[in-house]
Amino acid sequence: MIAAPSNRQRTRILERIVFWTFRLATYLVLACATYIFLDIGIKGSRTVFTSHAPFINLKFLTQPPQTLYVFDYEGKKMELSDREFRDWKLTHKEDVDVTSISYSAGGIWPCIVGTALLVIGSMTLALFIGISAAIYLSEYSRDTPLLRFIRIAILNLAGVPSIVFGLFGFGLFVIFFGWNVSLLAGWFTLGLMVLPAIITASEESLRAVPQGLREGSLALGATKWQTIRKNVLPYAVPGILTSSILGIARVAGETAPIMFTAAYAMRDEMPWQVSRWTDFFFQGVMALPYHIYVVSSKIPQNEYTERVQYGAAFVFLVLVMLIALTSILLRERQRSRLSW
Amino acid sequence: MVSLLDMPRTLPQQLPPPVDRSAPEIEPAPIIDVSELDFTYGNHQVLFDVTLRIAARAVTAFIGPSGCGKTTLIRCLNRMNDLIDGARVTAGSIRIEGVDINAPEIDVVDLRRRVGMVFQKSNPFPKSIYDNIAYGLRIAGITRRSRIDEAVEKSLRAAALWDEVKDRLHVSGYGLSGGQQQRLCIARALAVEPDIVLMDEPCSALDPIATAKIEELIYELKQRYTIVIVTHNMQQAGRCSDYTGFFYLGRLIEFASTNKIFTNPSERRTEDYITGRFG
Amino acid sequence: MIAPKHILGTFDEALASLRNNVLMMSSLTERSLDRAIQGLLQRDDDLCANTIADDEEIDQLEKQIDKDGVDVLLRFQPVASDLRRVVSAMKLSSNLERMADQATNIARRARKLNRHPALPEVELITPMYAHAMSMFKDSIDAYVREDVELGRAVVPRDEKLDELNRVASRRLIQRMAADPDQLRGYLNLMFIARHLERVGDHATNIAEDAVYAAAAEDIRHQPFVASA
């Protein structure tokens, strides 16, 4: 029985409406993302790229932040960084009416370093603890009420706001353990924050490995750990690496957890300039997201600060993308080597 | 015209004895001794009072309808059921060469090396053919390259796969056909030199030609290994095995030489199952 | 002992068809033998002619049974009792066909004898015929009802038939020596007795196959104790 023509029309129209709803929703997402990337990209590239060789504003990337001094001199508008101003002052002794704007000269080099350190440390911690926990949950544990409780706890951890993590880290690592504002405190706080995602994704990757591989290995006389190490974990690694991509983006970009635990608004020494090697872990660092926050909200806004903000955001985006790209490339390489 | 009667005839001095294809009914030298075995999953008993003896260097087949316990029993022989929560032997014993394999002091890992298993769905590892076979050796601690090379060739020859793969040992195991993959799994199991090889429906996922090759392989292997095979295919049990056990609802209904089971079984239920009257 | 049905209905049908053909063939054979002997005893040429004509049908049945048997083996790969039944059916058909040939031979010789005056020695045939037919009927019965004891009991009776044959032969040879004019007639009678002895042998084979089908026991070629 062929449907009556009006019915056909109606279903066809419905189909088209639904299709276009989905399509428009996607385009909306695309539009938002494009706007953000374009905005940051255009404004940020003004700071990061220069019109003459080597086309990258190396000063921005390799110098620490300095105060900017803006003044008029002999009809010209001068914008000098702190050091430059002092040098200029040596040769020009007259008084000038300067407006000083913090953080708006120099660059963000220490922030880049600091974020990189924080990411590396916290991801290492999170991956180690996360994968171990995932192995336990997926390979060793039995379904008991305790286990179900653990799983609920992990799920809940994923929903904790990042500022709460920050406060927790502050209370436990900074105050109670006495680590003060330090890399260690930042690593642990950030690591804990990203742990649920790592655990869940790692567990999924482990479960995706077919049971036949485990049984086959055990039937050959392997112990459980041998089986996991040689026949399960290697094949779960692509999935785990994928999960770490999201983790890196989150760890690099969160401000709240590091605000009280690891980040300084301004620091003169670079992280490797420590007197004893153990001091390395107990020092605070500058970090990109926190720097953006400081420049955006702690000081009065003008065109100079805007330059720094967008420049920092742009660099930040590029950095995260590079890290993500590396992770994806690694995953592809692993995946091409084995498939089932 | 030469008459047929005039032609010289040479009679054999002694006629060869008639070939007796039926296995002897006398008790064979057993290597596995299952005695009054009860097995339970959680609260659910699946094996009841199973007693049988499996002969060395012969093929024993377990047949029976789905859910009759034959797969459970074969997995008890290398304690693969230990992987399942709540599965345990609740009565009776399994002795292999006189040793009770469920005793607490038994090393399960060692047991599994000596009692190999081939699964229904072939499960080659996502490694090269060479690494697949070397896997068992490496986990046993053998790392010398020459020794592994030797063992790989030996196992592949034993599994009748050497000629087909000898020039592509570093290709992934997944590049082989279904039948070849199963033979690879057999070679992998043989590499650790077990005494007993358990096969859980090894041919159920294979086409007839691959199945025939594996049956031929089983026939050759039984000269050196004891083989226990679970099969749904009655003709296969009839062709391949020397002894057959018929299981139903967790009990061993009849256990005898294959010839007897398939020409004149003692139990009514056995006859009804093998002739396709139920099950 | 009714076995439950096979799950495959076509299997049961095929086995039933095979069995029916065997039964049909055995009753046709019985009729042929009966007609042949009656043709001899009542000197009725029509009966003899019918016997000879019907042999064709029995031959075709043998071919059909063999063909159907191979078909069942091919399609269903029977085991145990099913296998034994099929194999016995095929062997039975061969024996029945030979029996029918014997009946044809008897009918031919009866026709020849009917052209000449009756010989009193025809009486020698009657007890042999009765014995052979009873063996035949029992052997078929043993097959149909899967009666192992009945089948076993048929085998020693062949000895008696052989004895009757020997007695008849001796008597006929004496008559041939005494009355050479009737040589042909006596010779034909001797052959008829021989044919009946062969019928008994075939009945024995059928009985042995019946025991095999029912009990998986091969009772052929065994030295037996002469029946009482």
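Just so it is clear, none of the values below were taken in a lab; they were calculated from the coordinates. Please read all numbers here as calculations on a predicted model, not as lab measurements. Positions of Cβ are backbone-derived with ideal geometry, glycine not excepted, and every protein chain shown enters the neighbour counts.
What the table below lists for this structure:
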{"item": "Loop-resident sites, region A:5-92, for GluC sites (Glu not before Pro), counting at most 11 other Cβ within 10 Å (DSSP)", "result": "A:E74"}
{"item": "Relative contact order (percent, whole number), chain B, Cα cutoff 8 Å, 6+ residue spacing", "result": "26"}
{"item": "Rg over Rh, two decimals, region A:147-211 (C-alpha only, Kirkwood Rh)", "result": "1.11"}
{"item": "Ordering of A:58-68, B:42-52 by burial proxy (mean other Cβ atoms within 10 Å per residue, highest first)", "result": "A:58-68, B:42-52"}
{"item": "In region A:75-157, the trypsin sites (Lys or Arg not before Pro) that fall in loop regions by DSSP, at most 11 other Cβ within 10 Å", "result": "A:K93, A:R142"}
{"item": "Number of partner chain Cβ atoms within 10 Å, mean per residue of B:112-118", "result": "3"}
{"item": "Mean separation of Cα contacts under 8 Å (6+ apart) over length of region A:196-297, as relative contact order %", "result": "26"}
{"item": "Exposure proxy ranking, count of Cβ atoms within 10 Å, fewest first, for C:I173, B:I261, C:I37", "result": "C:I173, C:I37, B:I261"}
{"item": "Sequence-distant aspartates and glutamates (8 or more away, or on other chains) whose Cα lies within less than 12 Å of B:K222", "result": "B:D195, B:D242"}
{"item": "For A:S102, residues with placed amide H under 5 Å, excluding near neighbours", "result": "A:L68"}
{"item": "Members of B:K260/C:K137; A:K230/B:K70; C:K137/C:K160 lying beyond 24 Å, as alpha-carbon distances in this model show", "result": "B:K260/C:K137; A:K230/B:K70"}
{"item": "Antiparallel content of DSSP bridges confined to the protein assembly as shown, in %, to 5", "result": "65"}
{"item": "Reachable aspartates and glutamates, given that their alpha-carbon falls under 19 Å from the alpha-carbon of A:K59 and they are not under 8 places away in the same chain", "result": "A:E79, A:D82, A:E84, A:D87, A:D268, A:E269, A:E303, A:E306"}
{"item": "Relative contact order, percent, region C:6-66 [alpha-carbon distance under 8 Å, six or more residues apart]", "result": "34"}
{"item": "Chain B: calculated mean residue ellipticity at 222 nm from DSSP helix runs of at least 4, using -39500 (n - 2.57)", "result": "-9500 deg cm²/dmol"}
{"item": "Order of B:S155, A:S51, C:S94, C:S139 - criterion: other Cβ atoms within 10 Å of each residue's Cβ, fewest first", "result": "A:S51, C:S94, B:S155, C:S139"}
{"item": "Neighbour-count ranking [beta-carbon atoms within 10 angstrom, fewest first] of B:M199, A:M266, C:M128", "result": "A:M266, C:M128, B:M199"}
{"item": "Loop GluC sites (Glu not before Pro), region B:102-181 (other Cβ atoms within 10 Å of the site Cβ: 10 or fewer; DSSP)", "result": "B:E105"}
{"item": "Over region A:127-259: Rg over Rh, Cα atoms, Kirkwood Rh", "result": "1.06"}
{"item": "Among beta bridges that DSSP assigns inside chain B, antiparallel share in %, nearest 5", "result": "60"}
{"item": "Candidate lysines - alpha carbon under 24 Å from C:K67, same-chain residues fewer than 8 apart omitted", "result": "C:K5, C:K91"}
